[in-house]
Amino acid sequence: MTPEQGAAFYIASLEARHHSQASLRNVRSFTAWFGLWMQRKGLDDLRDVTLQHLLDYLTYLRGKKNAQGEKNSADYTNAQMWHVAGMLRLLHQRGKLLSDPSRALPPLRKPKRLPKAVLTGDQVNRLLRQPNVKKLWGFRDRAMLELLYSSGLRGLEVIRLSVYDLDWKEKTVRIVQGKGRKDRLVPIGSSALAYLHEYVERVRPALLAQHKHRAIINTLFFSRQRTPVTGAYLRLMIARYAKTAGVPVRVTTHSIRHACATEMLKGGASVRHVQEMLGHAHLSTTQVYTHVLPFDLQKVHARTAPSEKRRVIEVPAFEAKAFNDRKNSGLYRQS
């Protein structure tokens, strides 16, 4: 069996198990690189691969450098090797290979380390204050940041939200097909909820007024080009605001998510509640109790979420009449 055939068989099995497209793209790269390495070693059949070949490939990966001339992280190297071993294991299980050479491969342990940089509450609050909420797009940015910090959502979960995923009465947001293709309900803090309500009721309709594109008619957050916000767009936005806020660490959506979790744990939330809120995979078995958990989780969120600790929630109101009045358009500009 050629490396290409083995990779196609393995990827098809991952697709059947609902792996994300981003994950599948990585696997295609990992298995393709292994195939190229095999060619350089004079191998053209996966049935000829031995344990020693895998050990040699692991040594090669650990010494390989990226485009910046630096060695790849242990996490990245392990991920490549895990999928090569996973491919061989699956092929053996399905009778495509007589033996599994990865069976005796030493365990690839993930390094245990603390996060490189955890944002403090003060740093996050400075970040949240950067968008100019007197401008429509600035208000949209503030609403996105507030939601990220209040609910600890993943960046991809935020940009995929529909206006129908918000439940104003229950004060929750519904995550449909999150990581691992799992649905969950996540509480929204009062501050984020207020910004979101103002955004949905006044700001978003104004942004849609001149460009009612079908592709974004139900999308909660969209770009200036009236297309759904992408992960790259969100990363650049956060990086720009972090720079103007003078935050000395690299800020990502995951940084804000991590800050939310840290502040909740400091406030007394149990690890189980925080993990349920963040949608971590190893608590997926508790999803059968989602009809009970949201209320319980909401009480903990209201007591511990960082956004709930503010005494005063100041949400600038957009006056639709003033905005539509061309004479007063100097106050509410789209640029």
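The values are calculated or read from the model by the stated rules, or taken from the named source; none is laboratory data. All figures in this text were calculated on a predicted structure; none of them were measured in a lab. Cβ placement follows ideal geometry from the backbone for every residue including glycine, while neighbour counts extend to all protein chains displayed.
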Checked pairs for the stretch 24-50, first free of Cβ contacts under 8 Å to residues at least 12 places away in the same chain, second polar (S, T, N, Q), C-beta under 6 Å and 6 or more apart or across chains, list as none
Being of a type in the set (D, E), modelled with pLDDT of 90 or more and over 30 Å from A74 (Cβ atoms) is the filter here; which residues of the stretch 99-147 pass it? D141, E146
Within the stretch 174-204, take every residue that is modelled with pLDDT of 80 or more and touching a strand residue (DSSP E or B) at 6+ places or on another chain (Cβ under 8 Å) and give me the one that is nearest to Q21 (Cα to Cα). I175
Output yes when any residue across the stretch 90-98 is part of a helix (DSSP H, G or I), farther than 30 Å from L156 by Cβ and in contact (Cβ under 8 Å) with a residue 40 or more places away in the chain, and no when none is. yes
In the list T50, T77, which residue meets the criterion of being closer than 20 Å to L98 by Cα and either in contact with a helix residue (DSSP H, G or I) (Cβ under 8 Å, 6 or more places away or on another chain) or among the aromatic types (F, W, Y) (or both)? T50
Looking at T285, T244, T262, which one is outside any loop (DSSP other than H, G, I, E, B), at pLDDT below 70 and of a type in the set (S, T, N, Q)? T285
Contact list please: Cβ distance under 7 Å, first residue in the stretch 225-250 and over 15 Å from L128 (Cβ atoms), second residue aromatic (F, W, Y) and surrounded by 13 or more Cβ atoms within 10 Å (Cβ to Cβ), pairs at least six apart or on different chains. P228/F222; V229/F221; V229/F222
Among the residues of the stretch 136-179, write down those that are farther than 17 Å from V229 by Cβ and charged (D, E, K, R). D167, K169, E170, K171, R174, K179
Taking L119, is it assigned to a helix (DSSP H, G or I) and of a type in the set (A, V, I, L, M)? no
